[in-house]
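First up is the structure itself, then whatever we jot down about it.
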Amino acid sequence: LKSFSGMASYADADGRCVASPARAEQPRLQILKQALAQGGAKCIPGLRRWANKKRPYRGEVFSLEEVEEAVAYWQASKETGASTAQKGQTTYPTDVTQSDQAAPALQSVGRVLPCRKAPQETKPAAVPWGGLRATLKSKSWPWPLTLEAAKVVAQSMGPCHDNLKVSADLLQTLFEVPSGALHPDLVLMAGRSRIGTHKAILASFSDFFRLKFHGAYRDSAESLVEVSWSPDVVRAAVQFLYTGRCELDVAALGDLMVMADFWQANELADAAAKSWYALPMVHQLEVLSNLDETSPVPKAMVGALVESLTCSFQRAACDLTRDGPSRQLLREMGDWLCHTPAACLDRLKHWLSLEEEELRVAVENFMRSALQAANSSEDLRKLLRPRALKSWLPPAMLRHLAFHFIEHEPAFKEEEQVAFWVTWCTSGGFSCDTLVEIYEAIAAATNARAPLLTPVGGDPKVAPALTEDQVARIQRLLMGLKRAFGVALAEQSYVSDESRFWQRWTRGTVPNHMLQHAAQCLGFSALHGRPFPSVSPAVVRAALSEALQMAEVATLAVQGPKAVEGLYQRKGENFQCQKGQETLVLMCTEQQAGRTDEKKLNIIWNGLPVDEWKKAKGIWSIQVVGSDEVTPPLAVLLSRQVPWGLAKSHWWLPDAEGRFKLDSSMAVELDEISDAEASKLKHSLTSQHLPELLEVVDSPAARKLCQALRQERAEAERAEREKRNASNADAVRCEEDSSEWQQAAKVFDTAAVQLCQILQELQGADASIRRRLLAKKRRLETDESFVAALKRLERPVRTDVPEIH
């Protein structure tokens, strides 16, 4: 069976489809085209309105340009279809109306029916996900009982020839696409659509309807039957009955199977089950992702789908060494998985997690073969690297694949290149705990394989010792691997909630050797305005420290002797501080190690180590602005690295005699960063709990940043509170200014004056007068106008936000 034209080149020897033909359209644009094809012009304003409001449609947020492009395509296709219809093609109404049932009987069925052929339908082409149409066929059609029923229906329409030939043409003549049967005596009501059919033909096809119409039931004479399935599914079943074939979307195939099982239409159920074998593997996965153990689809049909996928993956695993259907499968899986909802991915993970299913073993072997073939194919590496291609695999399968390669293949090649399976592990999809476990296993395996790399000159049974070069090589490779896994930890923290992992790191239960690189990655992302993921305050502190080291500095704080201490503001490439009448400058002088500049004096001040001076690639110094070259600086640091880093700097300061000595009391710290960098970091800290973060930060710049953010939050909350209170006050004033409220207040004031007079008259009144006054008081309190006015005045003011005091 082939589900669409052109599938032969994508099928294996048994006719089982491996991959579908390439698609020219993007899935996003196809979603809009399908909506326009189904809803027509009435859905265009809604799509435009949702695009302007950035409202998602079928999980995607479309721009107004995309909507207009789809509308233009739909209008062009509509005009093309209208011109085609004018050239002689027959069009059919979408629904069957009551007037169709009242059509006059044919005077001569032999004169009308045999000469009209059923409409010829073109084979559907492959379209993006959600739009592929599966074809159902039956080799045994037409069935004898159905032919006899067709003859009975033809005879009921009018006089027939005695030699009326009962054939498939007669049965097809009784059917119209898509309205259903010609002159039906039964209408199937699916939603608002009406699909016509004949009771006799439907009873010959379904045991359920045979008992319904031929039994002694009350509804056997009904001409309208409501069904609970979609119109497309019901229309496809009726078309299959009259023509022996039907076409419908892959997404509706499961509903068709449920309906066939309920109707007890065995031929339709068998054809639907066989059609799954003809679907491309990606669409088989799409159908499976919509099924679970509670689905109403018969278990036998689900088993057939799982068996088909198992065989397909087994065959695809043997054909990955060349660019063929198996690689086309990986391309289509990557495209489909990028647009698959999380619920569907969870169902696929459930199917692949079943231990007794052979599908799990087939998929794991397929991925293992793909990773092995990727070592010699750059194109295959590009297909396997995206995170989406691992989103449908269970975590246990991912871990098993990684440890299989750790056990059987080295992580590094002879030319110091990392094996692709290692890159595949660090490209996302693994949890942070699994990433740490994989790295430790790779490091242990690399150290265990290291002696095998040394040429053995003596006894082959004795493992030789590693040379210094080999030890340095292994350390260099593992250091690069730490960096890669650290970045993977940071990226995984943005994708999923890894707060428990980072809490264990805070308690010291996770090794720190790769987490510094993770903190660097988090800090770099925060410096570009990306909010921090769900991590502990200690991790945020480490990442914030890394971000501050990379940020543009605005102010430095120098601590030490009074001659140099103070705040140094950035002035170009240097930093300056005003000390009384003098201006000090903190600057860095670049120099090439081992070389001297003949045009410039090269002075080494007394007390400074000559060897360190010559080896230094740069020198930081503090000196008075305007001093000449022979004037000794106030402080010297023999390093090109910035002195406000995480590492402690060793400054040389002159003593009273002018001899430079190390001074451990001097330190340079970052005090403030630029406003632009601070704004980005504040945006990254929007989701953090600042009181907890302020308890762990240890640098002045980080503390000032958090305090400034807390102050901004407090001011924003105060402004929002004032805005809400002002809005409530305006609402109250508007309420009091309304005529309805004014009328109620007037009625209440009048009644209140009368009640006060009654209370005054009650004082000192005798019994008879007291009874008369109390009765008058009750009449005033129960008066309808007074009660209505009281309820109106007691009604709370309706505002969009609650009143804040």
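The values are calculated or read from the model by the stated rules, or taken from the named source; none is laboratory data. Just so it is clear, the structure is predicted and the values come from calculations on it, not from any experiment. Backbone-built Cβ (ideal geometry, glycine too); neighbour counts: all protein chains shown. Side chains are part of the model used for accessible areas, which takes the heavy atoms of the whole protein and leaves out ligands, DNA and RNA. Shrake-Rupley method; radii C 1.70, N 1.55, O 1.52, S 1.80 Å.
For the reader, a short list of remarks on this structure follows.
- Just so you know, in region 24-74 the residues that are of a type in the set (S, T, N, Q) and either within 17 Å of C338 (Cβ to Cβ) or open to solvent by 90 Å² or more (accessible area, probe 1.4 Å) (or both) include one that is modelled with the lowest pLDDT, and it is Q26.
- Lone qualifier among V233, V250 - being modelled with pLDDT of 85 or more and crowded, with 20+ Cβ neighbours inside 10 Å: V233
- Scanning region 286-298 for residues that are among the β-branched types (V, I, T) and part of a helix (DSSP H, G or I) gives a single hit, V287.
- Of the strands (runs of 3 or more DSSP E) lying entirely inside region 171-242, those containing at least 2 residues that are touching a Ser or Thr at 6+ places or on another chain (Cβ under 9 Å) and touching a residue at least 12 places away in the same chain (Cβ under 8 Å) are 186-190, 193-197.
- Where a residue in region 606-627 is free of Cβ contacts under 8 Å to residues at least 40 places away in the same chain and its partner, wherever it lies, is acidic (D, E) and surrounded by fewer than 17 Cβ atoms within 10 Å (Cβ to Cβ), with Cβ under 8 Å and at least six apart: K617/E590; G618/E590
- With a requirement of 2 or more residues that are modelled with pLDDT of 90 or more and open to solvent by less than 50 Å² (accessible area, probe 1.4 Å), the helices (runs of 4 or more DSSP H) lying completely within region 421-525 that satisfy it span 432-449, 468-495.
- Residue-level check: of (1) touching a residue at least 40 places away in the same chain (Cβ under 8 Å); (2) in a loop (DSSP other than H, G, I, E, B), M333 misses just (2).
- Residue match in region 312-321 (condition: at pLDDT 85 or above, in a helix (DSSP H, G or I), in contact with a helix residue (DSSP H, G or I) (Cβ under 9 Å, 6 or more places away or on another chain) and surrounded by fewer than 17 Cβ atoms within 10 Å (Cβ to Cβ)): yes
- Residues (farther than 20 Å from R315 by Cα, small (G, A, S) and not in a loop (DSSP other than H, G, I, E, B)) located in region 353-398: S353, S376, A388, A396
- Selection over region 550-572 of residues that are of a type outside the set (D, E), surrounded by fewer than 22 Cβ atoms within 10 Å (Cβ to Cβ), in contact (Cβ under 8 Å) with a residue 60 or more places away in the chain and in contact with a helix residue (DSSP H, G or I) (Cβ under 8 Å, 6 or more places away or on another chain) gives a count of 2.
- All told, V553 meets the bar of being aliphatic (A, V, I, L, M) and either over 29 Å from the mean Cα position of the chain (by Cα) or modelled with pLDDT under 85 (or both).
- Search result, residues across region 353-362 that are closer than 11 Å to V306 by Cβ and at pLDDT 85 or above: E358, L359, R360, A362
- The residue of region 760-795 that is nearest to the chain's Cα centre (by Cα), among those that are closer than 16 Å to A745 by Cβ and open to solvent by 70 Å² or more (accessible area, probe 1.4 Å), is R795.
- When restricted to residues that are open to solvent by 20 Å² or more (accessible area, probe 1.4 Å) and in a helix (DSSP H, G or I), region 253-272 contains 7.
- M301 vs. criteria assigned to a helix (DSSP H, G or I), closer than 30 Å to L171 by Cβ and within 31 Å of the chain's Cα centre (by Cα): yes
- Test for G560: is it at pLDDT 85 or above and on the phi > 0 side of the Ramachandran plot: yes
- A729 vs. criteria surrounded by 12 or more Cβ atoms within 10 Å (Cβ to Cβ) and without any contact (Cβ under 8 Å) to a residue 24 or more places away in the chain: yes
- The residues listed here are P280, P325; of these, the one that is open to solvent by 20 Å² or more (accessible area, probe 1.4 Å) and over 19 Å from P394 (Cα atoms) is P325.
- Extreme residue, nearest to the chain's Cα centre (by Cα), among residues of region 688-715 that are over 16 Å from A538 (Cα atoms) and open to solvent by 60 Å² or more (accessible area, probe 1.4 Å): R713
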